[in-house]
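Read through the structure below, which is laid out as structure tokens, and then see the notes.
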Amino acid sequence: MIKRIATGIPGLDAITKGGIPEKDLILLSGPSGTGKTIMGLQFLCSSKDRGIFVSFEEPLSQITSTASEFGWDLAKTDRIRLLRYDPFRIEDIFEVIENNIREINARRVVIDSISALGIYVKDTGELRRMILQISTMLRKSDCTSLLISEVLNSRKLSRFGVEEFVTDGVMVLHNVFVNGEYRRGINVWKLRSSDHSR
């Protein structure tokens, strides 16, 4: 029996039949403006688990401001730690994340976004190796994690074509034009060894 971790997003928990398999690494991809960062924040804020949000792009003040729009006051909780990390200093990222997980006994991690790493790591093989290292580190730390990737259109699963092969699951966010307006949607592309609605 697979133990699932609720995402805190009712519709998503329904189609994943209870949530994300515990300790899995999930790729969350989609074009700009589809709600990837917000989903990552809700995954952390809706739980009593301790969590870490790692930002490679947005300033932490922007992350905090975005969270406050939904009533999540990150300044008043010690349960969630925000990290802003410069992709230029990528060589020690694994140690930094692992140390922070250990310090607060985190069980959920969101990395936003892996696309930023790919801008600085040009070699596809090296990028895949780094994503594998992140995956191994998160599993060793017993974390259930979301790895965010921005794609240019929702027909692609990832930015660089490697992320989906080293993660346990893939969820794609997209905007759908319905009755004269765009609505957000989600597709669960895969959950390894786990059933889900299609």
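Per residue, the convex hull spanned by the Cα atoms of the chain amounts to 121 cubic angstrom. The calculated FRET efficiency for Arg84 paired with Ala6, based on their beta-carbon distance and R0 = 30 Å, is about 0.65.
The slack in the chain from Thr66 to Asn105, taken as 0.36 nm per residue of separation less the alpha-carbon distance, amounts to 11.6 nm. In loop segments of region 57-126 as defined by DSSP, the chymotrypsin sites (Phe, Trp or Tyr not before Pro) with at most 12 further C-beta atoms inside 10 Å of their C-beta are Phe70. Remark: accessible surface ordering of Asp73, Asp24 (largest first) is Asp73, Asp24, probe radius 1.4 Å. Taking a ≥ b ≥ c as the square roots of the eigenvalues of the Cα gyration tensor, an a/c ratio of 1.5 or more together with a/b no larger than b/c marks region 52-153 as oblate.
Applying both filters, DSSP loop and at most 12 other Cβ atoms within 10 Å, to the GluC sites (Glu not before Pro) of region 45-125 gives Glu69. Apolar share of the accessible surface for the chain: 49 percent from carbon plus sulfur atoms, 1.4 Å probe.
For region 39-195, relative contact order (Cα pairs under 8 Å, six or more residues apart, normalised by length) works out to 20 percent. Based on protein heavy atoms only, the chain ends up with 49 Å² per residue of surface accessible to a 1.4 Å probe. Take Met137: with every protein chain present and a 1.4 Å probe, its accessible area is about 10 Å².
The values are calculated or read from the model by the stated rules, or taken from the named source; none is laboratory data. Remember, it's a predicted structure, so these values are computed and weren't measured experimentally. Glycine gets a Cβ as well: all are built from the backbone with ideal geometry, and neighbour counts include every protein chain shown. In case anyone asks, the SASA skips ligands and DNA or RNA and just uses the protein heavy atoms, side chains included. Shrake-Rupley method; radii C 1.70, N 1.55, O 1.52, S 1.80 Å.
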